[in-house]
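Student: Dropping the structure in here first, questions after.
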């Protein structure tokens, strides 16, 4: 497999690691938020909705700055992580994953929320009358019927985090081998004269990756619907 | 007493009041469309909370605002056959039937399948069923949950004459062969007259 240089493999590997960890950790949180926003009426719901959407509308560099303020070494959460667990997020790939996860959250919540809202609540009532607890009705009705939205949310979130730039470079910095994901490497390449062909290769790699993610999601959705194509 | 129900429901601007007190095994609840018949069934099944009143079926108190009793829907033992069936679209007919099945059921899967003649449908998806087939599966699913009573909401709705006749005969068989109370909602006097002479009206 020598169509990529070792450096390019490293960049690709880091990008995948950062994005997959980010999406994996964000999925349950995003689904819980989506469910709350879709199914519950509570004080502060509008505020929660706005907060979730903030990373979508605020400039990414501002999101990165907010992460620095909260999760930086002096920040309220960052100092606790540092003192209690010896864990520092700034300048680490875990920090890049956190930035990617925050940026992906609104898109994931939106996709999941739409699919939860599309699940007929009367089916949940039917399940309850058949003897299912709240929890069983959720696991057997709401969760499987909102699966297309979970898949769509994961793919959108993955695409968003693989392309994340502003919040990552602000919060986790641009350190080769640690936080330098594909977009950051492309940016670095553009700063140095004579790197045009390296930049082009990374750009093609980035496009290929996004296309693959898109095709994978199409395939997953089709396979899921399969022989009962009528559903949803 | 089989049915001892007195309740008042508030739905937005509307108030729906319903009183049923009867020892009959099959009681029909009638009234013009929009009178709130389905809301009464929802309240009995625990899917809607009445403003006040009580719901007693057989020996069990399902709801009593004076005693602050309000059983969860899954503890009420209702076999609710919805007007719109509400089969689970992501489960085949067989999996729909057994969804509410519990140990020590008073009726077996085989009995339900032969009573309703749905053996050929088990591997089908709900969306591929005709109206009459879906209705039979919905009734079967409710019976298999081993209910203490049945709630049938317009069981002949959207069925043509022969199919309706088939379901009507089926309800007669359930009434005569099984021993559980049935509350049936209908707007059709002929249908009601054929099944029972105990009628409660609302609206």
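Student: Less than 20 Å from a label point 7 Å out along the Cα-to-Cβ axis of residue B:201: which backbone N atoms in segment B:137-155 qualify, by residue?
Tutor: Taking a point 7 Å out along Cα→Cβ of residue B:201, the residues of segment B:137-155 whose backbone N falls under 20 Å are B:154.
Student: Counting DSSP beta bridges in the protein assembly as shown, what percent are antiparallel, to the nearest 5?
Tutor: 60
Student: What is the distance, in nm, between label points placed 7 Å from the Cα along the Cα-to-Cβ direction at residue B:177 and at residue A:20?
Tutor: Distance between the two pseudo-spin positions: 5.6 nm.
Student: Still on this structure: Stretch residue A:77-residue A:62 to full length: gain in nm at 0.36 nm per residue minus the Cα-Cα span?
Tutor: Taking 0.36 nm per residue and subtracting the Cα distance, the gain is 3.6 nm.
Student: Using the alpha-carbon centroid of each, what span in Å lies between segment B:48-73 and segment B:4-24?
Tutor: Rounded to whole Å, the Cα centres lie 12 Å apart.
Student: If you take each beta carbon of peptide A:129-139 and count the beta carbons of other chains within 10 angstrom, what is the mean?
Tutor: Mean number of neighbouring Cβ atoms from other chains: 6.
Student: Can you give the mean number of other chain Cβ atoms that lie within 10 Å of the Cβ atoms in peptide B:64-77? Show your work: numbers first, answer last.
Tutor: Values: counts 0, 0, 0, 0, 0, 0, 0, 0, 3, 12, 10, 3, 3, 2.
Per-residue shielding by partner chains comes out at 2.
Student: Under the classification rounded if a/c is under 1.5, otherwise prolate if a/b is larger than b/c and oblate if not, where does segment A:6-228 fall, given a ≥ b ≥ c as square roots of the Cα gyration tensor eigenvalues?
Tutor: Numbers: a/c = 2.58, a/b = 1.54, b/c = 1.68.
Judged from the Cα gyration tensor, segment A:6-228 comes out oblate (a/c at least 1.5, b/c at or above a/b).
Student: Rounded to the nearest 500, what is the 222 nm mean residue ellipticity of chain A from helices alone, with -39500 (n - 2.57) per DSSP H run of 4+ residues and division by all residues?
Tutor: About -24000 deg cm²/dmol.
Student: Assuming R0 = 60 Å, what is the FRET efficiency of residue B:110 and residue A:214, from their Cβ-Cβ distance, to the nearest 0.05?
Tutor: 0.80
Student: Output the Kirkwood hydrodynamic radius of segment B:1-138, Cα pairs only, in Å rounded to one decimal.
Tutor: 16.9
Student: Relative contact order of segment A:6-228, please, whole-number percent, based on alpha carbon pairs below 8 angstrom and at least 6 residues apart. Working shown, then result.
Tutor: Details: 267 pairs, mean separation 63.6, N = 223.
In percent, rounded to a whole number, it is 29.
Student: Helix A:6-39 against the longest principal axis of chain A: what's the angle in degrees, Cα atoms only, rounded to the nearest 10?
Tutor: 30
Student: Normalising by the residue count of segment A:1-116, find the relative contact order in percent from Cα pairs under 8 Å and 6+ residues apart. Please report the intermediate quantities before stating the final value.
Tutor: Details: 84 pairs, mean separation 49.4, N = 116.
Averaging sequence separation for qualifying contacts and normalising by length gives 43 percent for segment A:1-116.
Student: Would you mind checking the tilt of helix A:147-162 against the longest principal axis of the Cα atoms of chain A, expressed as 0 to 90 degrees and rounded to 10?
Tutor: Between helix and principal axis, roughly 10 degrees.
Student: If you don't mind, another one. Hey, what did chain B get for relative contact order, percent, Cα under 8 Å, at least 6 apart?
Tutor: 30
Student: Hey, how many Å between the Cα centroid of segment B:105-138 and the Cα centroid of segment A:120-181?
Tutor: Computed from Cα coordinates, the inter-centre distance equals 35 Å.
Student: At 222 nm, what helix-only mean residue ellipticity would chain B give, in deg cm²/dmol to the nearest 500, using -39500 (n - 2.57) for each DSSP H run of four or more?
Tutor: -8500 deg cm²/dmol
Student: What angle, in degrees between 0 and 90 and rounded to the nearest 10, separates the Cα long axis of helix A:196-225 from the longest principal axis of the Cα atoms of chain A?
Tutor: Relative to chain A, helix A:196-225 is tipped by roughly 10 degrees.
Student: Which whole number gives the average count of other chain Cβ atoms within 10 Å of the Cβ atoms across peptide A:118-127? The partial results should precede the final answer.
Tutor: Numbers: counts 0, 1, 4, 1, 5, 6, 3, 9, 17, 6.
Mean inter-chain Cβ contacts per residue within 10 Å come to 5.
Student: What FRET efficiency comes out for residue B:67 versus residue A:222 if R0 is 51 angstrom and r is the Cβ-Cβ distance? Round to the nearest 0.05.
Tutor: 0.40
Student: Working out 0.36 nm times the residue gap between residue A:49 and residue A:120, then minus their Cα-Cα distance, what length gain in nm do you get to one decimal?
Tutor: 23.4 nm
Computed from the coordinates by the stated procedures, all read-outs in this text should not be read as laboratory data. Predicted, not measured: the structure shown is a model, and the values here were computed from it. With ideal geometry, Cβ positions are generated from the backbone for all residues, glycine too; neighbour counts draw on all protein chains shown.
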